[in-house]
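Down below is the structure, laid out as structure tokens.
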Amino acid sequence: MMSSSALLLGHPTPAHFLADRSPKRAQRRGYKTVCKGKKLSSSFTAGGPRVGRLSLFDRPRTCLQAVESASQPAPKEAKEELKPPPKLPEDEQDEVKSKDEVKSKDEVKSKDEVSTEDEKRKTHFSPVSTPPDPIEGVQTDCTGMEVEEVIFSDSIYNHELSWMAFNWRVLHMALDTSTPLFERLRFLAITTRNMDEFFAKRVGGLKRQEAAGVANIYRRKRGHQWSPDKQLDLISKAVNTFMQAQNSCLVDDVLPALRAEGISLNKYAELSDDEREQLRFYFKKEVEPLLTPLAVDPGHPFPFIGSLSLNLAILIRDPEDVDTGTQQLAKLAIVSLPARSQRWVQIPGRTANHFVALEEVVIHNLDTLFGGMVILSVHLFMATRNADVQRNEEEADDLLEMMTDEVRERRFAPIVRLEVNENMDDALVKRLAKEMQLTNQDIYYVRGPMGTGELDSLPVKLNMGTDFEFSHWAPLKHLRLSKLKSRKDIFKLMTRGDILVHHPYHSFATSTQLLIEAAACDPNVVAIKCTLYRTSSNSPIISSLIAAAEAGKQVAVLVELKARFDEARNVGFANKLEDAGCNVAYGLVGLKTHCKTTLVVRQMEDGTLKTFCHIGTGNYNPATAGVYTDFGLLTCDPVLGKDVMDLFKYLTGYHRQQSFSKLLVAPTTMRSHYLDLLDSEIENAKAGKPASLTAKVNGIDDVAIVAKLYEASQAGVKVNLIVRGICRIRPGVPGISDNIRVISVVGRFLEHHRIVTFENDGDPLFYIGSADWMTRNLMRRVEVATPIEDPLLKQELSDTLDSFLVDCTAFELMADGSYVQRKSEYPADVELDAKLSLPAMSERVGVQQALMQRFTTERKKFKKMSRKASQVVRKVRKGSTNSNVGDADYDLEGLEEYDVYDVDGSDTSSGFSITSFDEGD
């Protein structure tokens, strides 16, 4: 058991062990042993399970697994609250380290991995805390509270305020000067889009509750739960604080820094007369025909304002009005900017990367729209409409028609937020708020550009090799998939063993997408079944399914029409698939179908039917697969195939499946199975056996899961939680959550995969799936999690989780509810020793950078192996008897099943960007 000081320094609790597996079978699967001549452990000894010695192409074992190879129960330690140690000068740090800390560092770092210079450059806690000050309403001290109060009290966990803390972590990527400059601009845009969705969904829902009088229900509940109006008040205060930091970062830091580098967003006053004239010509030709000036008076009602549209509120005066001696009232007019026009206009005559906002162009040419009028003032404003529209699925005759109506209804939903320029006249603000039926609480003042969610659409031209962006990453072909001669060979490859693909490090196009494309064109495939939650426009997945149906294959697709903000797109896909002859289901009444599963039925050479499956954590979306981290399992396990077949019977027909052989399926079995596994860990801990669990999810709020995690912590189970977004757990509470650790990783890729592992008395269990540990996922959605049983794939998952737990960029949730970030002293683009384990690399540069470097290293090594193997094959075919050529010189383990080696393993189609970091899809 690790000391509390080791836990404080960011080391994980005991790692999981690799189950035994024969080396010969591993070689047939395309892998080789790390230590030649040494056999794998064939059983677990009385002294504890041995660590297996297999790796993906010589990938070193994690040092953490070596430490825990013979773990034994340790005496209980004193409970202490986790707090970041004070940052000391470097020359004093070694003097104040306790013996426990030094010992734990020695345990997790192999001497042959870490040089003396590396030891001098330790990862340490940075004083960076997000948000910088506690959010009002959040209780920082939980000492003396009962478990029930910690679970249910809104002051400990409130969904909306927890989400605000998450968006602060995203904002930190923009505030952090070590983030490349243009990426900082992108993260500012992401935080704005996050906030837009937050108001449309979460605040909109609270507004609807407030209007329905739900506050009376809250008063009759436990006293520690807040009413909607109180939550709205706290949200308003939290958002105002957030916006001040966001606006300051943009206006005072990022935009000036970009200007210094030759990328400028200019005010109109900065333009020359010639530039203004050219922009006036542009306005008259490209913009004016799209504008409609709308008067607001007794004869012209207040116009429709689209959600998140940019609008100008213009006060004008007619000079011909007769002066009656009384104060004349200014007239109000509204002009909505065209949504399809380019927001950022290149300044004519200047070199690239000099822009002016479209609203600036319109404002300074309004005389063409209001001829003969005197323009008194012009101000920009935006409104956000409620997207939480009530639906009655049980009463709907057709879900497709219902969702089509809902999308139309959402355009006219009540407005929940008004954003205005900070210098807008108070009287005009009040008039706009009155027209939109808003209160002062719903008004937000913006300093600088408005609608900053579009900032990353600036058509900037950056030179290759500049440090304004993250270093380019092109997803790679999976090593086992890079040698395919043709698409249909993927089925032959899958029969030789399960394949675990890891996006965006592995290419989506050459793995998951390839499976569906191969199924569509393979004449031996007779049926394809697939669930679609979100996918991209012009999706190759849709095209492949249509091609399969047109080729006479049986194609069944469940298109989830209720995927928020993608309803209209999914309705279009459903109609398109139906027109091609696919059997399309629209989802289940009362449930969202969120699982990511594909089933392919293929007739084999002997005439039998065989199932091939993909079960993933992410959507069938080539665009987001380039920036979201997800796992996908490609398998032909007949038991899993039968489970997926039963799942589709449940989704498309009338079939009640109470249990599955291997799959965990929500809302039927998943939560109860996880609770049972947690109970097993609790029993093991009470019996003095090693007990731990690690879960990586996007959010945790399910009360039953949270209560069981607290119970596990009290029993001595070590709980490691990697939670990107909202989290109901409060770690480090004395007597309640001493053994729980929560970290959050936010980086260039959106952390999206869900992985759960239980120590299970030395025989670890691993699951990947589509569900977060949130009530909506476990009880109101159809979700799927699959066990990972291949020892090599379990090892890969274990390495990945270990790497997250020591990530030098991660935020750790403290007992007071704040998130404190660790920082590495190594530069982000440092070249690491390829011999370092993945967790050791993650300690230096973060898990995402470590994974990119690790996969790149493996690719280079594989290319070298492939070239050598090709030389051997060619010489053997020529009848060469050269004794210098052979296995002693060219290691062919894992390559003997192929006679052609394709070493071009990169996929350059990753020109995607993250649109938003939400709490879950």
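The values are calculated or read from the model by the stated rules, or taken from the named source; none is laboratory data. All figures in this text were calculated on a predicted structure; none of them were measured in a lab. Cβ atoms come from the backbone with ideal geometry, glycine included; neighbour counts cover every protein chain shown. Accessible surface is based on the protein model in full, side chains and every heavy atom, while ligands, DNA and RNA are left aside. Shrake-Rupley method; radii C 1.70, N 1.55, O 1.52, S 1.80 Å.
Would you be able to say whether some residue in the range 685-699 is within 21 Å of Thr775 (Cβ to Cβ) and either among the charged types (D, E, K, R) or open to solvent by 40 Å² or more (accessible area, probe 1.4 Å) (or both)? First the steps, then the outcome.
Keep residues of the range 685-699 that are within 21 Å of Thr775 (Cβ to Cβ), which gives 693, 695-699.
Those left that are additionally either among the charged types (D, E, K, R) or open to solvent by 40 Å² or more (accessible area, probe 1.4 Å) (or both): 696.
Yes, because at least one residue in the range 685-699 is within 21 Å of Thr775 (Cβ to Cβ) and either among the charged types (D, E, K, R) or open to solvent by 40 Å² or more (accessible area, probe 1.4 Å) (or both).
In the range 470-482, what residues are touching a residue at least 12 places away in the same chain (Cβ under 8 Å), farther than 23 Å from Ile788 by Cβ and open to solvent by 20 Å² or more (accessible area, probe 1.4 Å)?
Our first condition is that a residue be touching a residue at least 12 places away in the same chain (Cβ under 8 Å); within the range 470-482, this holds for 470-471, 473-482.
From the residues that got through so far, the ones that are farther than 23 Å from Ile788 by Cβ too are 470-471, 473-474.
Residues satisfying the conditions are Phe470, Ser471, Trp473.
Quick grid of which residues meet (1) closer than 20 Å to Ile729 by Cβ; (2) modelled with pLDDT under 95; (3) in contact with a His (Cβ under 8 Å, 6 or more places away or on another chain):
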{"site": "Arg780", "(1), (2), (3)": "no, yes, no"}
{"site": "Asp790", "(1), (2), (3)": "no, no, no"}
{"site": "Gln795", "(1), (2), (3)": "no, no, no"}
{"site": "Leu813", "(1), (2), (3)": "yes, no, no"}
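Taking the options Thr786, Thr775, name whichever one is open to solvent by 10 Å² or more (accessible area, probe 1.4 Å) and of a type in the set (Val, Ile, Thr).
Details: Thr786 fails: open to solvent by 10 Å² or more (accessible area, probe 1.4 Å).
Thr775 is the lone residue from the list that is open to solvent by 10 Å² or more (accessible area, probe 1.4 Å) and of a type in the set (Val, Ile, Thr).
Quick check on my filter: what residues within the range 713-735 are polar (S, T, N, Q) and within 22 Å of the chain's Cα centre (by Cα)? Quick ask: steps written out before the conclusion?
Going through the range 713-735, the residues polar (S, T, N, Q) turn out to be 713-714, 720.
Answer for the range 713-735, where residues must be polar (S, T, N, Q) and within 22 Å of the chain's Cα centre (by Cα): just Asn720.
Can you tell me which of Leu185, Leu250, Leu265, Leu258 is more than 18 Å from Pro414 (Cβ to Cβ), of a type in the set (A, V, I, L, M) and open to solvent by 10 Å² or more (accessible area, probe 1.4 Å)? Please lay out each step first, then the result.
Numbers: Leu185 fails: open to solvent by 10 Å² or more (accessible area, probe 1.4 Å); Leu250 fails: open to solvent by 10 Å² or more (accessible area, probe 1.4 Å); Leu258 fails: open to solvent by 10 Å² or more (accessible area, probe 1.4 Å).
Residue meeting the stated conditions: Leu265.
Counting only residues that are aromatic (Phe, Trp, Tyr) and in a helix (DSSP H, G or I), which one in the range 131-168 is modelled with the lowest pLDDT?
Filtering the range 131-168 down to residues aromatic (Phe, Trp, Tyr) leaves 152, 157, 163, 166, 168.
The next check asks that each one be in a helix (DSSP H, G or I); those that pass are 152, 163, 166, 168.
Details: Phe152: 94, Trp163: 97, Phe166: 97, Trp168: 97.
Among them, the one singled out is Phe152.
Hey, can you tell me all the residues within the range 805-864 that are open to solvent by 10 Å² or more (accessible area, probe 1.4 Å) and among the acidic types (Asp, Glu)?
The answer is Asp816, Glu825, Asp829, Glu831, Asp833, Glu843, Glu858.
Name the one entry in Gly632, Gly590, Gly607 that is farther than 22 Å from Ile546 by Cα, in a loop (DSSP other than H, G, I, E, B), among the small types (Gly, Ala, Ser) and in contact (Cβ under 8 Å) with a residue 12 or more places away in the chain. Spell out the reasoning first.
Working: Gly632 fails: in a loop (DSSP other than H, G, I, E, B); Gly607 fails: in contact (Cβ under 8 Å) with a residue 12 or more places away in the chain.
Only one candidate passes the filter, namely Gly590.
Which of the residues that make up the range 557-579 are small (Gly, Ala, Ser) and open to solvent by less than 20 Å² (accessible area, probe 1.4 Å)? Lay out the reasoning, then the answer.
Initial filter on the range 557-579 (small (Gly, Ala, Ser)): 563, 568, 572, 574.
Once the filter is applied, which keeps residues that are small (Gly, Ala, Ser) and open to solvent by less than 20 Å² (accessible area, probe 1.4 Å), the range 557-579 yields Ala563, Ala574.
Any residue in the range 447-469 that's in contact (Cβ under 8 Å) with a residue 24 or more places away in the chain: show its pairings with residues that are among the polar types (S, T, N, Q) and part of a loop (DSSP other than H, G, I, E, B) at Cβ separation under 8 Å, as long as the two are six or more apart or on different chains.
Note: pairs meeting the criteria are Asp456/Ser913; Pro459/Gln342; Val460/Asn353; Lys461/Asn353.
Could you list, in sequence order, all residues of the range 520-548 that are in a helix (DSSP H, G or I), open to solvent by less than 20 Å² (accessible area, probe 1.4 Å) and more than 30 Å from Arg410 (Cβ to Cβ)?
If the condition is that a residue be in a helix (DSSP H, G or I), open to solvent by less than 20 Å² (accessible area, probe 1.4 Å) and more than 30 Å from Arg410 (Cβ to Cβ), then Ala520, Ser544, Ala548 are the ones that fit.
For the range 230-244, give me each residue that is open to solvent by 30 Å² or more (accessible area, probe 1.4 Å) and either of a type outside the set (Asp, Glu) or outside any helix (DSSP H, G or I) (or both). Show your work before the answer.
Pass one, the range 230-244, residues open to solvent by 30 Å² or more (accessible area, probe 1.4 Å): 230, 233, 237, 240-241, 244.
The answer is Lys230, Lys237, Asn240, Thr241, Gln244.
Are there any pairs with C-beta distances below 6 angstrom linking a residue in the range 350-375 that is more than 30 Å from Phe182 (Cα to Cα) to a residue that is at pLDDT 95 or above and among the basic types (Lys, Arg), with the two at least 6 apart or on different chains, and if so which?
Filtered contacts from the range 350-375: Asn365/Arg280.
Is one or more of the residues making up the range 442-465 outside any helix (DSSP H, G or I), among the small types (Gly, Ala, Ser), open to solvent by less than 40 Å² (accessible area, probe 1.4 Å) and closer than 24 Å to Arg343 by Cβ? Let's see the steps before the verdict.
Going through the range 442-465, the residues outside any helix (DSSP H, G or I) turn out to be 443-451, 458-465.
If we keep only those that are among the small types (Gly, Ala, Ser) too, we end up with 448, 451, 465.
Retained after the next criterion (residues that are open to solvent by less than 40 Å² (accessible area, probe 1.4 Å)): 448, 451.
Right, trim to closer than 24 Å to Arg343 by Cβ and you get 448, 451.
Checking the range 442-465: at least one residue is outside any helix (DSSP H, G or I), among the small types (Gly, Ala, Ser), open to solvent by less than 40 Å² (accessible area, probe 1.4 Å) and closer than 24 Å to Arg343 by Cβ.
Would you confirm whether or not the range 148-166 contains a residue that is free of Cβ contacts under 8 Å to residues at least 40 places away in the same chain and open to solvent by 10 Å² or more (accessible area, probe 1.4 Å)? Don't jump to the end; show me each part of the working.
Taking the range 148-166 and keeping what is free of Cβ contacts under 8 Å to residues at least 40 places away in the same chain, we get 148.
After this cut, where a residue has to be open to solvent by 10 Å² or more (accessible area, probe 1.4 Å) as well, the list is 148.
Yes, the conditions are met somewhere in the range 148-166.
Any residue at all in the range 483-504 that's small (Gly, Ala, Ser), over 22 Å from Ala850 (Cβ atoms), in contact (Cβ under 8 Å) with a residue 12 or more places away in the chain and open to solvent by 10 Å² or more (accessible area, probe 1.4 Å)? Break it down stepwise before answering.
First pass over the range 483-504, keeping only residues small (Gly, Ala, Ser): 486, 497.
Next, only the ones that are over 22 Å from Ala850 (Cβ atoms) stay: 486, 497.
Filter once more, so that each one left must be in contact (Cβ under 8 Å) with a residue 12 or more places away in the chain: 497.
Narrowing the set further to residues that are open to solvent by 10 Å² or more (accessible area, probe 1.4 Å) leaves none.
Scanning the range 483-504 turns up no residue that is small (Gly, Ala, Ser), over 22 Å from Ala850 (Cβ atoms), in contact (Cβ under 8 Å) with a residue 12 or more places away in the chain and open to solvent by 10 Å² or more (accessible area, probe 1.4 Å).
In the range 169-205, what count of residues is obtained for those that are polar (S, T, N, Q) and outside any loop (DSSP other than H, G, I, E, B)? Let's see the steps before the verdict.
Taking the range 169-205 and keeping what is polar (S, T, N, Q), we get 177-179, 191-192, 194.
Narrowing further to those that are outside any loop (DSSP other than H, G, I, E, B): 191-192, 194.
Residues flagged as polar (S, T, N, Q) and outside any loop (DSSP other than H, G, I, E, B) within the range 169-205 amount to 3.
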